[in-house]
1. May I ask you to order 300-308, 276-284 by the average number of other C-beta atoms within 10 Å around their residues, highest value first?
2. Check L136: other-chain or 5+ apart residues with amide H under 5 Å from its amide H, H built from backbone geometry?
3. What ³J(HN,Hα) values, in whole Hz, does the Karplus curve 6.51 cos²θ - 1.76 cosθ + 1.60 give for segment 324-337 when θ = phi - 60°, with x put for Gly and Pro?
4. Can you compute the FRET efficiency between T395 and D169 using 1/(1 + (r/R0)^6), with r the Cβ-Cβ distance and R0 = 51 Å? Round to the nearest 0.05.
5. Of V342, A167, G206, which is farthest along the charge dipole of segment 96-382 in the positive direction, counting Lys and Arg as +1 and Asp and Glu as -1 at C-beta?
6. In Å, the Kirkwood hydrodynamic radius of segment 96-382 over pairs of distinct alpha carbons?
7. Mind listing the long-range amide H neighbours of R350? Cut-off is under 5 Å, sequence gap 5 or more, other chains count too, H placed in the peptide plane at 1.01 Å from N.
8. Applying a 10 Å radius around every beta-carbon, put 109-116, 236-243 in order of their mean neighbour count, most first.
Amino acid sequence: PVVAPPPADPPAAHPGPADPGPPHDPFASPARRIQPSPPPRPRTGLRLGVAALALAVLAAGGGLAVWAVTRSADAPPPAGPAGAFPTATPAAGFRPWSQAAPYSAQERALATAAPGLVFVEAVFNGYLRDGRTGALLNPTPVTFQRRCSGFVVDPAGHVLTNGQCVAPDEPVARERALYTLGRILVAGKKLTPGALDGWVRSRTAGTRFTGKEPDRPPSSQVFVQLNQATGGLTGTPAIAGEVVRTRAADAGDLALVKVARPDLPGVELGDAAALTPGGVVVVAGYHTVDADFRDATYTLRSKTVQVTATDTGQGAVPLFRIGDDIGIYSHGGVALDPAGRVVGVLTNDRSGAGGANRAVVPVTAARELLAEAGVAPTLGDADRLYRRGLDAYFTGRDATAVSQLDAVARGGNGNELAEAYRRSAADRQQLTAAAPEQSNLPTVLFSGLGGALLAALAIGVVLLARRRSRR
């Protein structure tokens, strides 16, 4: 058989020209002049130091955050005025903390002065007669009341109030008596309601209002009540009084009344300089929301108002107008400065505002009337103790407030707010005593944090020393 010859080996690759290498430089040095740098040593120590420092910072931040949370949760309520406000409900029905922002200057002024404010009711009894013949217009006497506000100025029982309220001029009393008789005639179907005003006007000029005898004035009585008052009340708790001295309507329209009970809560007189146009005062006086004024319930009401202008056209005593009023029975009430001192007496503005009680007689006129009567305005011992107790209450010294206000309340001078604020201070004491003790977690956290920081510092120092020794 024919055997095929083995395949020929593949041809060998044709070698290319040999690499001649770099050309020979006869001027080159046989040794290399630039040596490569050794690889850098790893900076393990520095990295560890940075990591330790970062760990310490994180530990500090976490500790502070936890401490802040635990502190806010464990901290007791503040002992100062922001802790609570009075929860007691005084029989007076007057709550200074409900008529002003709690713990504000307005509340404190009202709390200071309110116990010394009184509801005043004057009762007049007389006969209406024909001015020419003396004949009686009605066989029975006519009785009417006038109501207003006032305030006690000394422990002897002297009360300042509005003059026209307790001692009205004869024309004012005569008109009021005619309206009273006219309403009696309306009730008896002898006069129509629409004819009442005309009936009064037609008889005002020719009528006199006298006592039982034609040459005697009508009789009058004055009664005051502390705290919440009831109209028409002449027995207890009403306190009888008598008018001592008055000032005419154009000379301040004030009256001084002496009541039969001493040691009532009193007010402190301040400086009329607080009455300046643009300034702000707190006014307070009695008010009712009842429809029938005769046996209505009267309570104290207050507002913060602005003094708008000075009025020199209503008499010898300049008046100060205010931007708002608190009702028709507030004349004889007070304008207070931030310390709760009386700087003016409310009266009606005869020049406008419908005769509303939007005028203030400066306290200087009240001081002059007291001086004329030989009365020195002063606070009693219980009044001073009450003010110290209020100061303790409004500055968060509850134990002192409880002690001093309790002494006033037990004294029985009629200051019902003393008991209300005493109970509030006692409530705050209980809240403070019941609060949990402050957590000791911050101490533990900061102790651990301090150790971590010291350890991190030590590691950093050691690593730094090793690094320097290797150089």
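Computed from the coordinates by the stated procedures, all read-outs in this text should not be read as laboratory data. What you are looking at is a predicted structure, and each value in this text was computed from that prediction instead of being measured. All Cβ positions, even for glycine, are placed from backbone atoms using ideal geometry, and neighbour counts span all protein chains on display.
1. Ranked from most to least packed, the peptides come out as 300-308, 276-284.
2. Close amide H contacts, sequence-distant or interchain: D130.
3. Along segment 324-337, the couplings run 7, 9, 10, x, 6, 9, 8, 5, x, x, 10, 10, 10, 8 Hz.
4. 0.60
5. Comparing the listed Cα positions along the dipole, G206 ranks first.
6. Answer for segment 96-382: a Kirkwood hydrodynamic radius of 19.6 Å.
7. Hits under the 5 Å cutoff: none.
8. Averaged packing, sorted descending, gives the order 109-116, 236-243.
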